[in-house]
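Encoded as structure tokens, the structure appears first; notes follow it.
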Amino acid sequence: MSTIIHAILGYFALLLTVRVLSRRPGGQLTLYEFVIVFLIGGVAIQATVGRDHSVTNCFTAILAIALMHRLVAWLKDRSPRFGAIVDGTPLVLVKDGNWQLEVMRGMQLDPEDVMAAARSKQIGSVFSIKYAVLERNGTISIIKRNES
Amino acid sequence: MAGPAFKRPVTDSVAKINHELAVGEDLVFQRKWWRFERAIWVLFILIIALDCMGAFGRGPLANARIESTDHAVEADYERIERTGTPSMMTVKVRETAPDPIELFVSDSAVSGLGLRRVIPAPETTTVGSGGFTYRFPRGSLPAVVRFEFEPVGAGVYHITVGRPGEALMHMTVAVVP
């Protein structure tokens, strides 16, 4: 029972912590951000399973986390506001060739981050970017300026 | 071949930028979220600071000392403990009848705080009066007896320690999860 409670509390504590960290998961992770992922995961697992390393205990913890994940996904589907709280909303970083500084500062992003995404689309200059959008999954989408 | 059970016409519901790029940006919400983030970081820093001070155990705020009214016995203990984390209570006996040294510990020390070990091992242990009376052969005073705890669950526990028949010391220990 305590494992299930710890797993549920751990899930929401991790969700909150990761959510308030800057939104740069997946492909945007830098080396120093990997440290966060490994450390948080390692610390959380100890508090969740405690000294009971039995298969039963680990299995119930996994089931509890899976159920929480399913519940959050269901709530996100039902409520766009809840989805925005959990995942955030897309944010425009460059609009009509202008940096959206409020958003850039708020999300702790640098022009270099945007240009890294631009280069992956074979765009070498910031002047060729019409829109850059920070997506909910942390990737940056680039819309090229129409040269004609 | 049967089609899907439910269908809905596609609508252009995602908010657009410059009336051309469907993004769904919500800056009003995002500004509120940034304010919330700042509050959460303040809370995180506060939690870390309180933890360093020992508000959640294992620090200066958690350490406590109590002395019996006759000044014969004194105990150093942690008023805030953590579940599953070992801790030590040190009881110092300064004055006692010639022989032997007897110490009473209430049952809550076992049921609540998870008393694991008494150091040195007592000569005898007597059960009764809502606790245990440990008897130790007397050496030179002050004599120091250590009780090792490992709480099994969160809660607030009241324990009593002292020489049986003399002034007892009453302690309140909070165990955090």
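Read-outs: derived from the displayed coordinates by stated rules, not from any lab. As the structure is a prediction and not an experimental result, all values here were calculated from the model. Glycine also receives a Cβ, built like all others from the backbone with ideal geometry; neighbour counts cover every protein chain displayed.
Grab the other residues whose beta carbon is less than 11 angstrom from that of B:ILE119, score K and R as +1, D and E as -1, and report the net. Can you show the working numbers first?
On the way: positive: B:ARG116, B:ARG117, B:ARG146; negative: B:GLU148.
So the surrounding residues net to +2.
Evaluate E = 1/(1 + (r/R0)^6) for A:VAL55 and B:ARG31, where r is the Cβ-Cβ distance and R0 equals 45 Å; express this FRET efficiency to the nearest 0.05.
0.45
Considering every residue in B:24-30, what mean count of other chain Cβ atoms within 10 Å of its Cβ is obtained?
Working: counts 7, 9, 7, 7, 0, 5, 9.
Across B:24-30, the average partner-chain Cβ count within 10 Å equals 6.
What share of all Cα pairs of segment B:63-176, in percent, falls into each consecutive 5 Å distance bin?
In order of increasing distance, the bins hold 2, 12, 25, 26, 20, 10, 4, 1, 0 percent.
Considering only C-alpha atoms, what is the centroid distance from segment B:155-177 to segment A:78-148, in Å?
Each part's Cα centre sits 60 Å from the other's.
Taking K and R as +1 and D and E as -1, what net charge do the other residues with C-beta under 9 Å from the C-beta of B:THR85 add up to?
Charge balance near B:THR85 sits at 0.
Rounding to the nearest 20 debye, state how big the charge dipole of segment B:63-176 is about its Cα centre with +1 on each Lys and Arg Cβ and -1 on each Asp and Glu Cβ.
The calculation lands at about 200 debye.
Starting from the Cα of A:LYS144, step 7 Å along the direction of its Cβ; do the same at A:LEU39; then give the gap between the two resulting points in nm.
Once both label points are built, they end up 4.1 nm from each other.
Roughly how crowded by other chains is peptide B:13-20, in terms of the mean Cβ count from those chains within 10 Å of each of its Cβ atoms?
Whole-number average of other-chain Cβ neighbours for B:13-20 is 2.
Would you list B:TRP33, A:TRP74 from fewest to most Cβ contacts within 10 Å?
Listed from fewest to most nearby Cβ atoms, that is A:TRP74, B:TRP33.
Can you put B:ILE80, B:ILE40 in order of Cβ neighbours within 10 angstrom, beginning with the fewest?
B:ILE40, B:ILE80
In nm, what is the difference between 0.36 nm times the number of residues separating B:VAL127 and B:LEU168 and their Cα-Cα distance?
Gain in length upon complete extension: 13.1 nm.
Give me the dipole magnitude in Debye, nearest 20, for the protein assembly as shown about the Cα centre, with unit charges on the beta carbon: positive for Lys and Arg, negative for Asp and Glu. Intermediate values should be presented prior to the final figure.
Values: 35 positive and 31 negative charges, 272 e Å.
Approximately 1300 debye in magnitude.
Taking the Cα centre of segment A:95-139 as origin and charging only Cβ (+1 Lys, Arg; -1 Asp, Glu), how large is the dipole, in debye to the nearest 20? Don't skip to the answer; put the middle values down first.
Numbers: 6 positive and 6 negative charges, 33 e Å.
Dipole about the Cα centre, nearest 20: 160 debye.
Give the peptides A:90-102, B:125-137 in descending order of average Cβ contacts within 10 Å, highest first.
So the peptides A:90-102, B:125-137, ranked by packing, come out A:90-102, B:125-137.
Restricting attention to segment B:1-94, which GluC sites (Glu not before Pro) occupy a DSSP loop and are surrounded by at most 12 other Cβ atoms within 10 Å?
Hits after loop and neighbour filter: B:GLU20.
Are there DSSP H segments in chain A that both extend 18 Å or more along their axis (alpha-carbon positions) and score a mean Kyte-Doolittle hydropathy of at least 0.5? List them, or say none. If you can, show how the numbers build up before the last one.
Numbers: long enough: A:2-20 (27 Å, 1.68); A:31-49 (28 Å, 1.96); A:55-78 (34 Å, 0.90).
Span-like helices in chain A: A:2-20, A:31-49, A:55-78.
Could you tell me which of the pairs B:LYS7/B:LYS32; A:LYS76/B:LYS16; A:LYS121/B:LYS32; A:LYS121/B:LYS16; A:LYS130/B:LYS32 are separated by over 31 angstrom between their Cα atoms in the structure shown?
B:LYS7/B:LYS32; A:LYS121/B:LYS32
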